[in-house]
1. Which of the following values of Cα extents along the principal axes in Å was calculated from the structure shown: (1) 57, 50, 36; (2) 64, 51, 36; (3) 54, 48, 42?
2. Please work out whether region 246-316 counts as rounded, prolate or oblate from its C-alpha gyration tensor, where a ≥ b ≥ c are the square roots of the eigenvalues and a/c under 1.5 means rounded, while otherwise a/b larger than b/c means prolate and anything else oblate?
3. P(r) tail for region 45-176, what percent of Cα pairs lie past 17 Å?
4. Could you identify which residue out of Cys249, Cys318, Cys122 has the top mean-square fluctuation in a GNM of the chain using Cα springs shorter than 10 Å?
5. Using the Kyte-Doolittle scale, find the helices of the chain whose mean hydropathy is at least -1.0 and whose Cα atoms extend 24 Å or more along the helix's long axis, counting only whole DSSP H runs.
6. Once you have a ≥ b ≥ c as the square roots of the Cα gyration tensor eigenvalues for region 185-338, tell me rounded if a/c is under 1.5, and otherwise prolate or oblate according to whether a/b is larger than b/c.
7. Go through region 205-240 and name the GluC sites (Glu not before Pro) that are in a DSSP coil and have 10 or fewer other Cβ atoms within 10 Å of their Cβ.
8. Using a cut-off of 20 Å between alpha-carbon atoms, which lysines can reach Lys191, once sequence neighbours fewer than 8 places away in the same chain are excluded?
Amino acid sequence: MTDVTDGVLHTLFRTEAGGHEQVVLCQDRESGLRAVIALHSTALGPALGGTRFYPYASDEEAVADALNLSRGMSYKNALAGLRHGGGKAVIIGDPETVKTEELLLAYGRAVASLGGRYVTACDVGTYVADMDVVARTNPWTTGRSPENGGAGDSSVLTAYGVFQGMRAGAQELWGDPTLRGRRVGVAGVGKVGHHLVDHLLADGAEVVVTDVREESVRRVVERHAGRVTVAADTEALIRTPGLDVYAPCALGGALDDASVRALTARLVCGAANNQLAHPGVEKDLADRGVLYAPDYVVNAGGVIQVADEQHGFDFERCKSQATRIFDTTLQIFATAKEAGVPPAAAADRIAEERMAEARRA
């Protein structure tokens, strides 16, 4: 167990953190592992969520991210209809420089010590090959390669689910569940974003992209020569004239006060987790007439896949379940309109009701 500062302890026990059931701070000196595993809720079943590998600026920042992400997983899994609660793990460090086989094995042992209360998978900075290593010391690992009994890359169904949510947004705003003729800005064309671009172009959308990694942009441009436009950065992207849809597909906090003021799109629907920088942002979006498709609803395709992996993965079964994200998103828009609240608040209420019912049962 790591030494923790007063700041980290405050982060763990502050009341607004979301009432987490368990937070584990892990350290393995030999491999250099430093990780946080956060279990928000197991009311619906074992906590399920990915492993993020990221060079956090401080321990407190890592703990805060684990708390936020795990809480989001509880809500995501509840609305996806899964028999899983929400959990998340973060490994502190730059995966390009400190990730080793020994570290991943040590991480697997840390997860295994929870005895199945937490089921892990891939996230930012971790990949299928990493989960194959983690699975050697932890049986509660999903997102593995097909050769090792897994389903492979979950980003394919994540992107597909976001596309279904975007179709629902188009239905709500423009009366037609298609992005044909719409200008869509995708911020982040990495693991999930480049698959989303494929769906959008196939549907007839005009696509503008940006990413902090030049190689990610180059891959999309080469794959779709002459069919995508590149924005200099995210700020330029959200100010793109005639933008209909903004799709944040990188790290969280993409929607803050400044970006909401600058936004030209009428619909926000993307793959990134925790897109709202603070609780008031969803109201600001609504006041500006911007429809927000809650991130944890539309990006649930990946978790649908990894949950199914535990029962013998079937791609078509998962795709069928991910297709229902369209209906779930429309239901949330309808509930929000009826209750006079933003869609994020409506989605939260539905998820909280499902978790409360499970706890009572």
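1. Correct label is (3).
2. prolate
3. Taking all Cα-Cα pairs of region 45-176, the fraction more than 17 Å apart is 62 percent.
4. Cys318
5. 59-79, 155-174, 343-360
6. The shape class here is oblate.
7. When the GluC sites (Glu not before Pro) of region 205-240 are filtered for loop state and at most 10 Cβ neighbours within 10 Å, nothing remains.
8. Filter leaves Lys76, Lys88, Lys99, Lys319.
No value in this document is a laboratory result; all are computed from the given coordinates. Computed from a prediction, not measured in an experiment: that's the story for all the values here. For neighbour counting, all protein chains shown are included, and Cβ atoms are generated from backbone atoms with ideal geometry for every residue, glycine included.
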